[in-house]
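Single-structure report; data block below.
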Amino acid sequence: MASTAPPKTLTKVLKLDTEEDVAVALAKYTADLSEKYIKAKGSFSVVLSGGTLIDTLRKLVESPYKETVDWSKWLIFWVDERVVPLDHEDSNYLLASRGLLSKVPIPPTNIYAINDKKSPEGAAIDYENRLKELVSKNILPISNISGFPKFDLMLLGMGPDGHVASLFPTRQQRYEKEKWVTFITDSPKPPPPRITFTFPVINSASEIAMVVTGAELAGTTKIALGTAGNVPGEAPVPCTEVSAEGELTWFLDKDAASKL
């Protein structure tokens, strides 16, 4: 692993009025980054999560971005995935396929879904090996700081318990420091079997967007942004461990930001 000390993460907090305003701001942010990275290196690697995030990306596939973004240069990955068939209602791939991926011309060969024929452990190993193959072909770079793969944009949400990806407060996967992708068979949030990027990979991203809407997340948002402490004697909630090598941007509606 690289020994260079990581720089302090730049954090920006955008407090917007409604979820619709979050969707509008997120679309412009993502389109601007797409243009920046494609111009700089010829591609744009985007890591998706599940939940409400795909719906919040809806403005990105409307005018003017639908026509102006160079979708042929996008590479799509998943920060976590439920280990179910890709056509199962619980699949994050299916969710994205019905939304973002069905409305813009991203080449199918640039979309990296999990191998849904494998066990959770096998699917995690397979996904990590595919990432390593992309690194070996110079399609994905390695971070000079961490030694882990460096994605351009990581799009994340969080749960009321502070979990991000499938890294839960009470599960050991959140402490994994060597693997790129790991698996879980007893997720406290159904369905139980999942694979997930580890924190070293998440935190090696150039840019991270934390997209949080809704009053039920206000308390966790307050903890994550350091305006409330973690519970003494308990491990910090996972969302407090998110950083980025470039900039971490929080997109909040007024409900999520109501306790800040």
State whether one or more residues within the range 149-161 are of a type in the set (Gly, Ala, Ser) and closer than 13 Å to Trp78 by Cα. yes
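With part of a loop (DSSP other than H, G, I, E, B), farther than 30 Å from Lys117 by Cα and at pLDDT below 95 as the only criterion, which of Ala257, Ala235 stands out? If you could, list the steps in order and put the result at the bottom.
Details: Ala257 fails: at pLDDT below 95.
Going through Ala257, Ala235 in turn, just one is part of a loop (DSSP other than H, G, I, E, B), farther than 30 Å from Lys117 by Cα and at pLDDT below 95: Ala235.
Can you give me the number of residues within the range 144-181 that are polar (S, T, N, Q) and closer than 17 Å to Asn92 by Cα?
Looking only at that region, the number is 1.
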How many of the residues in the range 111-139 are among the charged types (D, E, K, R) and in a helix (DSSP H, G or I)? 6
Output yes when any residue across the range 154-166 is more than 18 Å from Tyr37 (Cα to Cα) and outside any loop (DSSP other than H, G, I, E, B), and no when none is. yes
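Do we have any residue at all in the range 62-82 that's over 26 Å from Thr198 (Cα atoms), part of a loop (DSSP other than H, G, I, E, B) and touching a Ser or Thr at 6+ places or on another chain (Cβ under 9 Å)?
Looking for residues that are over 26 Å from Thr198 (Cα atoms), part of a loop (DSSP other than H, G, I, E, B) and touching a Ser or Thr at 6+ places or on another chain (Cβ under 9 Å), one finds at least one in the range 62-82, hence yes.
β-branched (Val, Ile, Thr) and more than 19 Å from the chain's Cα centre (by Cα) - does that describe any residue in the range 200-222? Please lay out each step first, then the result.
The first filter runs over the range 200-222 and keeps only residues β-branched (Val, Ile, Thr), leaving 201-202, 208, 211-213, 220-221.
Now drop any that are not more than 19 Å from the chain's Cα centre (by Cα), which leaves none.
No.
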Looking at this structure, is Lys177 within 19 Å of Val84 (Cα to Cα), in a loop (DSSP other than H, G, I, E, B) and either open to solvent by 40 Å² or more (accessible area, probe 1.4 Å) or of a type outside the set (Gly, Ala, Ser) (or both)? no
Among the numbered conditions (1) touching a Lys or Arg at 6+ places or on another chain (Cβ under 8 Å); (2) of a type in the set (A, V, I, L, M, F, W, C); (3) open to solvent by less than 10 Å² (accessible area, probe 1.4 Å), tell me where Ile76 comes up short. (1)
What pairs come up if the first residue lies in the range 25-51 and is in contact (Cβ under 8 Å) with a residue 60 or more places away in the chain, the second is of a type in the set (Lys, Arg) and open to solvent by 10 Å² or more (accessible area, probe 1.4 Å), and their beta carbons are under 6 Å apart, counting only those six or more places apart or on different chains? Ser43/Lys73; Phe44/Lys73
I want to confirm something. Restricting to the range 201-216 and keeping residues that are open to solvent by less than 10 Å² (accessible area, probe 1.4 Å) and part of a strand (DSSP E or B), which single residue is farthest from Glu247 (Cα to Cα)? Val212
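Return the residue satisfying two criteria in turn: it lies in the range 79-95 and is touching a strand residue (DSSP E or B) at 6+ places or on another chain (Cβ under 8 Å) and buried (at least 18 other Cβ atoms within 10 Å of the Cβ), and of such residues it is farthest from Thr52 (Cα to Cα). Can you show your working first?
Keep residues of the range 79-95 that are touching a strand residue (DSSP E or B) at 6+ places or on another chain (Cβ under 8 Å), which gives 79-83, 88, 90-93.
Then keep just the ones that are buried (at least 18 other Cβ atoms within 10 Å of the Cβ); that gives 79-83, 91-93.
Values: Val79: 14, Asp80: 14, Glu81: 14, Arg82: 15, Val83: 19, Ser91: 13, Asn92: 10, Tyr93: 13 Å.
This residue is Val83.
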In the range 121-134, which residue that is open to solvent by less than 30 Å² (accessible area, probe 1.4 Å) and under 19 Å from the mean Cα position of the chain (by Cα) is nearest to Gln173 (Cα to Cα)? Ala124
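Answer yes if at least one residue in the range 61-68 is in contact with a strand residue (DSSP E or B) (Cβ under 9 Å, 6 or more places away or on another chain) and in contact (Cβ under 8 Å) with a residue 12 or more places away in the chain, and no otherwise.
Within the range 61-68, not a single residue is in contact with a strand residue (DSSP E or B) (Cβ under 9 Å, 6 or more places away or on another chain) and in contact (Cβ under 8 Å) with a residue 12 or more places away in the chain.
Results for (1) more than 24 Å from Ile202 (Cβ to Cβ); (2) charged (D, E, K, R), shown as yes or no for each residue.
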residue: Lys36; (1), (2): no, yes
residue: Tyr65; (1), (2): yes, no
residue: Val83; (1), (2): no, no
residue: Val104; (1), (2): yes, no
residue: Phe148; (1), (2): no, no
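Restricting to the range 7-45, give me the number of residues that are among the polar types (S, T, N, Q), in a helix (DSSP H, G or I) and over 28 Å from Ser258 (Cβ atoms).
The number of residues fulfilling the criteria is 1.
The values are calculated or read from the model by the stated rules, or taken from the named source; none is laboratory data. Everything numeric in this text was worked out from a predicted model, so none of it was measured. Positions of Cβ are generated from backbone atoms using ideal geometry, with glycine treated the same way; all protein chains shown enter the neighbour counts. In case anyone asks, the SASA skips ligands and DNA or RNA and just uses the protein heavy atoms, side chains included. Shrake-Rupley method; radii C 1.70, N 1.55, O 1.52, S 1.80 Å.
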